[in-house]
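Just below is one structure, and these are the notes that go with it.
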Amino acid sequence: MRKLALPFMLAVVLSSRVSFAQESQSAPKRPSSFAGTDSPEALREHVPVLPAVRAKYWSIDPALGYGMKDFGNGVYALSDNGWQSAFVVTDAGVIVFDAPASYGKHIPEAVAKVTNKPIKMLVYSHIHKDHIGGSIAFKTTPGLQIVALDTVSDFLKEMNDPNRLIPTETFKTSKTIKLGGKTVELTRHNYHSNEGDLFIYVPEARFLMAVDSVTSGYVPFQDFDLSTNFHEYLKMFDEILAYKFDNFIGGHLTDTGTRKDVEITKEYTNDVYQTVKRIHNGLNERAFDAEIAKTIGPDNEFLIFKALLDKVTRDSVAELEPRWINRLAGADVWLPSHVRAALIYVRWDDKE
């Protein structure tokens, strides 16, 4: 079996020459994740993308830089195999959902390929520039309404980024848009960015867009999609599954999703959380700290505490990786960061 990269925390701990007496054998030193970015040998430690995931890559014409899929009932998805967005065609015009920096400039031409209706609205899912940094392409769109959460608008005004146009219409928690026989339901959630995130739902098309939540076929991105609130992130999956949808867009990578993708990512996230909680809460901290102090003394409390956190991380990754390495792509890439995010929650926010 091909050997997999160990979490970067291991290299740091080993370099400090801390001896863990309760472990019968120390693990071999491997390049850290950071060193791996410069080392071909370290990069080769990671497994290839799963074949089932690779088979679902979109066919992208390099001359266009994006692909498009028709979901029916006026909804179209766009992707460049890195980012995803969508739009809905109504009898009165088009509503666009996000404008990624990577291909946002092509969205008006993509819309023009399927309808001669004008673009009437642009909806922002959240603040991040990789998802809305292409909105500059709509700067000269006549009468365009840009819809976003009020907190998103406040942030963008402060940033004054010319590539992220300022919203013209804001709301606090929820908003229903009715245009040309179509309904778009916007609902605030707080699983990802500090300024809030939107669920974007088109009930007539059974279509749901929840950006930076679930990436079909893959584990979530680093730190559970850079979540600023892991407590809310744990609730997010049931909130998504409460909707009636057939097609789902999570905003990233190589395939759009289904309910099954949401269920699998929920299972993965809960497995990480429960495993970290069990290992952390089952560790005899007093005995561990005393053993570490035999090597480095009792004064360097930060190093002692770091060694404890690293042990929980290392042990959790070692248990989790075999369960997920062949189920979701990228498990060996981001699992250490997921464990770390769950550990922060377990240690400082969770109940016993």
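The residues of the range 197-352 expose on average 42 square angstrom of accessible surface per residue, using a 1.4 Å probe on protein heavy atoms.
Computed extension length for Thr183-Gln274: 28.9 nm, one decimal, from 0.36 nm per residue of separation with the Cα-Cα distance subtracted. Most tightly packed first, judged by the mean number of other beta-carbon atoms within 10 Å of their residues, the peptides 279-289, 223-233 read 223-233, 279-289.
The eigenvalues of the Cα gyration tensor, multiplied by 5 and square-rooted, give the range 221-352 an equivalent ellipsoid with semi-axes of 34, 15, 12 Å from largest to smallest. Hey, got a sec? Which trypsin sites (Lys or Arg not before Pro) in the range 81-153 land in a DSSP loop and have at most 12 other Cβ atoms within 10 Å? For trypsin sites (Lys or Arg not before Pro) across the range 81-153 that sit outside H, G, I, E and B with at most 12 neighbouring Cβ atoms in 10 Å, the list reads Lys139. Over the range 37-182, the fraction of Cα-Cα pairs per 10 Å bin, rounded to whole percents and listed from the shortest bin up, is 11, 36, 31, 15, 7, 1.
Applying 1/(1 + (r/R0)^6) with r as the Cβ-Cβ distance of Glu267 and Ser39 and R0 = 22 angstrom yields a FRET efficiency of 0.10. Counting protein heavy atoms only, the chain has 52 percent of its accessible area on carbon and sulfur, 1.4 angstrom probe. The listed residues Val147, Val49, once ranked by accessible area (1.4 Å probe) with the largest placed first, stand as Val49, Val147. Among Ile107, Ile304, Ile127, the largest mean-square fluctuation in a Gaussian network model of the chain (Cα springs under 10 Å) belongs to Ile304.
In the context of the full set of protein chains, the range 58-121 has a per residue accessible area of 39 Å² (1.4 Å probe).
Computed from the C-beta positions of Val114 and Leu283 and an R0 of 45 Å, the FRET efficiency is 0.20 to the nearest 0.05. A simple spin-label model places pseudo-atoms 7 Å from Cα toward Cβ; at Lys294 and Arg259 they are separated by 5.6 nm.
Annotation: aspartates and glutamates with alpha-carbon distance below 12 angstrom to Lys277 (same-chain offsets under eight excluded): Asp315, Asp349, Asp350, Glu352. Between the Cα long axis of helix 301-324 and the first principal axis of the chain there is an angle of about 60°, rounded to the nearest 10. Restricted to Cα atoms, the chain shows a radius of gyration and a Dmax of 22.7, 75 angstrom.
The string of couplings for the range 143-156 from the Karplus curve (6.51, -1.76, 1.60, θ = phi - 60°) is x, 5, 9, 10, 10, 7, 4, 4, 5, 5, 4, 4, 5, 5 Hz, one whole number per residue in order, with x for Gly and Pro. Size check on the range 40-92: the Cα extents along the three principal axes, sorted descending, read 56, 24, 14 Å. In summary, the convex hull built on the alpha carbon positions of the range 191-295 has an orientation-averaged projected area of 8.6 nm². On the basis of the beta-carbon distance and an R0 of 45 Å, Leu303 and Val49 show a calculated FRET efficiency of 0.75. Residues whose amide H lies under 5 Å from that of Leu122, counting only those 5 or more places away or on a different chain, are Val96, Gln145, Ile146, Val147; hydrogens are built 1.01 Å from N in the peptide plane.
The values are calculated or read from the model by the stated rules, or taken from the named source; none is laboratory data. Here the structure is a predicted model, which means the values were calculated and not measured. We place every Cβ from the backbone using ideal geometry, glycine too, and count neighbours over all the protein chains shown. Note: areas computed on protein heavy atoms with side chains; ligands, DNA, RNA excluded. Shrake-Rupley method; radii C 1.70, N 1.55, O 1.52, S 1.80 Å.
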